[in-house]
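Inspection log for the structure reproduced underneath, given as structure tokens.
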Amino acid sequence: MDLFAAIPPPADGSPSAGTRRGRRAAQDAGPLTVDVDVVVIGAGQAGLAAAHHLRRAGLVAVGSDGWERAGATFVVLDENPRPGGAWQHRWPALTMAAAHHVHDLPGMGQPAPDADELASRAVPAYFAQYEEAFDLRVQRPVRVDRVQDDGAGRLLVRSRPPASPDEAVVWRARGLVNASGTWTKPFWPAYPGQATFRGRQLHVRDFRTPEELADGPVVVVGGGTSAVQLTLLLASLTPTTWVTRRPPQWRDEEFTPELGREAVAQVDERTRAGLPPSSVVAVTGLPLTPAYRAGIESGVLAARPMFDRIAPDGVVWDRVQPPGGGWVDGPAFVPARTILWATGFRAALEHLAPLGLRGPGGGIVMDGTRAVADPRVQLVGYGPSASTLGANRAGREAVRNLRRALGL
């Protein structure tokens with residue numbers, strides 16, 4: 001949606017921001033500033049859930065009919081070019097059957113997808129229907145590069161369209177729901193010899209198809225479900241070695257709501273202490289699905305401990321790790337054409353740095369979704385709410401907290 005076209009013309013008769021002359025005038029005068037009660041950053045599962053609850057609380061989305069006269073307003077800013085959050089970027093081979101379970105967004109269930117349907121199509125289609133059904137008027141693509149205090153009780157949220165960075169908009173807000181996720185911040189571990197490797201190094205974020213890596217042996221690094229899924233995909237095309245920092249923890253039991261709450265509670269304990277959050281999957285372990293069980297029985301899902309260094313043409317173990325405890329033994333050197341880093345992501349929170357929210361523990365001290373250092377800021381899709389189920393609950397909690405703190 002074009003924000004400038006949605007801004008009403010000034011009362012003094014000066015050029016509207018929706019015209020070319022008005023845009024030039026706005027650029028000359030500085031960034032366009034728009035007053036709004038709540039800004040939501042990100043339109044993934046957590047951001048859409050929060051936007052839904054803001055609508056239910058009576059707030060009106062910027063761009064809706066009569067929004068400029070509404071008593072309370074909100075805006076959703078999304079960096080992606082289309083609906084779908086990070087799901088639109090997932091590798092094309094990922095089907096709904098292999099993807100993590102995507103929980104329904106509040107107020108509208110998703111159509112039952114075909115198990116073979118691509119997740120990168122099915123989930124974005126559902127998100128797009130949701131945005132339209134609830135008239136959320138998501139502004140995209142715009143990137144938020146800075147959030148700061150204006151010294152008078154408001155937050156200044158600066159956003160820029162990637163194609164027109166000069167057309168900055170500053171949203172002067174009373175509250176913020178940050179749902180920026182992790183997709184833009186892949187984690188790359190550092191290992192000795194990494195710079196000497198002559199093959200390709202690829203993060204799972206940039207993986208597209210297994211056929212692109214079928215030109216030589218692959219080493220998959222990581223202990224999560226992405227690493228497991230990619231190892232299974234690649235092993236049928238090329239020699240594949242799976243390595244993990246910790247032995248795989250297989251869970252041979254149904255993932256019940258009780259187990260989910262237990263996992264969320266453990267992650268929540270870290271964020272309340274101001275520590276960087278661990279992933280929910282790291283707490284729950286890996287589910288023994290029929291496909292994973294078959295991979296274990298065939299020897300494909302046989303994890304080796306993390307290598308010690310990287311050689312120009314492979315990876316090296318300097319210390320012999322005895323088999324057992326969830327790992328298997330192997331040669332001291334494994335050749336590799338590709339090292340695929342399925343090593344996860346970190347929360348993309350650089351735009352919040354001017355607020356000084358991080359504590360001495362390296363994380364943000366949280367009380368549920370509320371940043372303790374600044375109650376105007378709610379973090380959803382962070383820590384215990386990083387799962388799709390947790391994101392829905394967090395969206396509801398964040399709006400409840402803001403209504404209480406801001407008197408909405």
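The values are calculated or read from the model by the stated rules, or taken from the named source; none is laboratory data. Just so we're clear, the structure is a prediction, and the values are computed from it rather than from any experiment. Note: ideal-geometry Cβ built from the backbone for every residue, glycine included; neighbour counts use all protein chains shown.
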*helices (runs of 4 or more DSSP H) (entirely within region 170-288) containing at least 2 residues that are at pLDDT 85 or above*: 225-235
*Quick one: would you say residue 393 is in the same structural domain as residue 38 (by TED's automatic domain parsing), under 29 Å from residue 102 (Cα atoms) and within 19 Å of the chain's Cα centre (by Cα)?*
yes
*When region 61-82 is examined, which residues are found to be farther than 23 Å from residue 164 by Cβ and either surrounded by 23 or more Cβ atoms within 10 Å (Cβ to Cβ) or among the hydroxyl-bearing types (Ser, Thr, Tyr) (or both)?*
64, 73, 74
*May I ask you to list the residues in region 325-382 that are closer than 30 Å to residue 194 by Cα and among the β-branched types (Val, Ile, Thr)?*
328, 334, 338, 339, 343
*Taking region 192-240, which residues are over 22 Å from residue 120 (Cβ atoms) and aromatic (Phe, Trp, Tyr)?*
197
*Give just the number: which of (1) over 18 Å from residue 83 (Cβ atoms); (2) assigned by TED's automatic domain parsing to the domain that holds residue 89 does residue 161 not satisfy?*
(1)
_Of the residues 149, 166, only one is acidic (Asp, Glu), within 28 Å of residue 403 (Cα to Cα) and in contact (Cβ under 8 Å) with a residue 40 or more places away in the chain; which?_
149
_Go through region 171-189 and report how many residues are surrounded by fewer than 19 Cβ atoms within 10 Å (Cβ to Cβ) and more than 21 Å from residue 345 (Cβ to Cβ)._
1
*Given the conditions (1) free of Cβ contacts under 8 Å to residues at least 12 places away in the same chain; (2) under 20 Å from residue 85 (Cβ atoms); (3) of a type outside the set (S, T, N, Q), and given that residue 142 satisfies all but one, which numbered condition is not satisfied?*
(1)
*Answer yes or no as to whether residue 373 is in a loop (DSSP other than H, G, I, E, B) and either over 20 Å from residue 157 (Cβ atoms) or at pLDDT 90 or above (or both).*
yes
*Restricting attention to region 195-226, and to residues there that are among the charged types (D, E, K, R), over 23 Å from residue 317 (Cβ atoms) and surrounded by fewer than 18 Cβ atoms within 10 Å (Cβ to Cβ), which single residue is nearest to the chain's Cα centre (by Cα)?*
206
*Any residue at all in region 86-103 that is in a strand (DSSP E or B) and either of a type in the set (A, V, I, L, M) or not assigned by TED's automatic domain parsing to the domain that holds residue 397 (or both)?*
no
_Tally up the residues in region 122-139 that are in contact (Cβ under 8 Å) with a residue 40 or more places away in the chain and of a type in the set (Val, Ile, Thr), please._
1
*asked:* Can you pull out every residue in region 342-364 that is outside any loop (DSSP other than H, G, I, E, B), closer than 22 Å to residue 156 by Cα and of a type in the set (A, V, I, L, M, F, W, C)?
replied: 352, 353, 355, 364
*Filter region 317-338 for residues that are outside any loop (DSSP other than H, G, I, E, B) and surrounded by fewer than 16 Cβ atoms within 10 Å (Cβ to Cβ) and give the result.*
324, 333, 335
